[in-house]
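Working notes, beginning with the structure itself.
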Amino acid sequence: MTRKTVRIAMNGVTGRMGHRQHLVRSILALREQGGLDLGDGTVLWPEPVLVGRRAHALRALAERYGLTEWSTDLDAVLADDTVDIYFDAQVTAAREDALKKAIAAGKHVYTEKPTATGLDGALQLARLAEAAGVRHGVVQDKIFLPGLLKLKRLVDGGFFGRILSVRGEFGYWVFEGDWQSAQRPSWNYRAEDGGGIVVDMFPHWEYVLHELFGRVTSVQALATTHIPRRWDEDGRPYAATADDAAYGIFEIEGGIVAQINASWAVRVHRDELVEFQVDGTEGSAVAGLRRCRVQHRSATPRPVWNPDVPATEVFRDQWQEVPDNTEFDNGFKAQWELFLKHVHTGAPYHWDLLAGARGVQLAELGLKSSAEGRRLEVPEITL
């Protein structure tokens, strides 16, 4: 067995997502399992180089996990020929320039989304990467979750017959920060810092709908700021200038209609923080992060509307659980493994910067639709 070290510059890992999902549950988890076996006698050994602006935070992280390399000098890290991959989990406003630098330095790039603050910038990144001949990928974690993997199994198996509609509910109450600290950073609620639920979540909706059901062809959205005043990490009040809720209707090729609500100002009354209901002529399913339940045409009860008597049926009991039938790994880690294989073996991989640009496009059009109060077509984009 040959062990090949792959050095990964990881920028933004002092943040919540970069730290928990990408560093700890993906890269360090790969190291704990002995590396990534490529199946040809080669094992990839990921060696993270932590990058960021705050030296004390990077030092603390490195010491906590027994890592030796960290730097606040991104240019120096990118100039290091031994660094193979650049990963970005920074705030959105800082991402585009950093990715351009990494591509210019000849690094393969893997990044969180949105990839840029606008479609022009996102497409430029994809074109630069293609011209430079580097491999590139964008995190699209939701489709690697157990619930959505089960849902995809149903779609691929023809369970639904002709799919009619998709309904999604996402969100939870994010504390304002005055009497309880907020679960999300304050920049998420300032449009001038790249915040907003549309730019955060519409890229997710794009790839979920695209991967499972088909290309989104139109969008009609309403974005709003339900909580106009919040308190930051230091307890100071600030004006929330970004949208904290978005209600969207998406048309999908083939006539499927999707309705997805996303809100950071909603209290949860569902089984999981995100759920998608898919209805088809032959059956329906409800999928969340981990669970997926189905109701086939042959087992659909006959509901009768009668508001004059109490409901005697427990509607959730009328659905059947979809079994796991396999072991599901962490979704972020699963995609990291695919990207590393893509970089080192050329294995097929289509979650690239062009796919990331489609997400930026949908967010951009969603905000425009909300501002203009009308439905907008979603043109197909290419390099």
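None of the figures in this text is laboratory data; all of them are computed from the coordinates on show. Just so it is clear, the model here is predicted, and its values are computed rather than measured. Here Cβ is always computed from backbone atoms with ideal geometry, including for glycine, and neighbour counts include all displayed protein chains.
At a glance:
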quantity	calculated
Least to most buried among 226, 22, 344, 136 (fewest other Cβ within 10 Å first)	226, 344, 22, 136
Within a Gaussian network of the chain (alpha carbon springs, distance under 10 Å), most fluctuating of 206, 130, 63	63
Between helix 331-345 and the chain: long-axis angle, C-alpha atoms, 0 to 90°, nearest 10	50
Positive dipole terminus of the range 110-152, leading residue within 149, 118, 139 (C-beta point charges)	149
Cα centroid separation, the range 1-62 to the range 118-140 (Å)	22
Pairs beyond 24 Å (Cα-Cα), from 4/142; 113/341; 150/368	4/142; 150/368
Cα-based helix-to-principal-axis angle, 55-65 vs the chain, degrees rounded to 10	80
Exposure proxy ranking, count of Cβ atoms within 10 Å, fewest first, for 372, 251, 47	372, 47, 251
Long-range amide H partners of residue 240 with built H, under 5 Å	229, 230
Candidates 166, 138, 155, ranked by Gaussian network fluctuation over the chain, Cα under 10 Å, top entry	155
Antiparallel bridges, percent of DSSP beta bridges restricted to the chain (to nearest 5)	60
The range 25-39 - phi-based ³J(HN,Hα) in whole Hz, Karplus 6.51/-1.76/1.60, Gly and Pro as x	8, 10, 5, 5, 5, 5, 5, 5, 8, x, x, 9, 6, 7, x
Debye, to nearest 20: dipole size of the range 1-147, +1 on Lys, Arg Cβ, -1 on Asp, Glu Cβ	400
Dipole magnitude of the chain about its Cα centre (Cβ charges: Lys, Arg +1; Asp, Glu -1), debye to nearest 20	260
Principal-axis tilt of helix 92-104 within the chain, Cα atoms, nearest 10 degrees	50
Size of charge dipole - the range 139-268 - debye, nearest 20, with Cβ of Lys, Arg +1 and Asp, Glu -1, no other charges	540
Separation of alpha-carbon centers, the range 176-240 and the range 280-341, rounded to whole Å	27
Built amide H within the under 5 Å cut-off of residue 351, gap 5+	none
For the chain, built as a Gaussian network whose Cα springs stay under 10 Å, the top-fluctuating residue of 316, 358, 293	316
Separation in nanometres of the label points that stand 7 Å from Cα toward Cβ, at residue 282 and residue 40	3.9
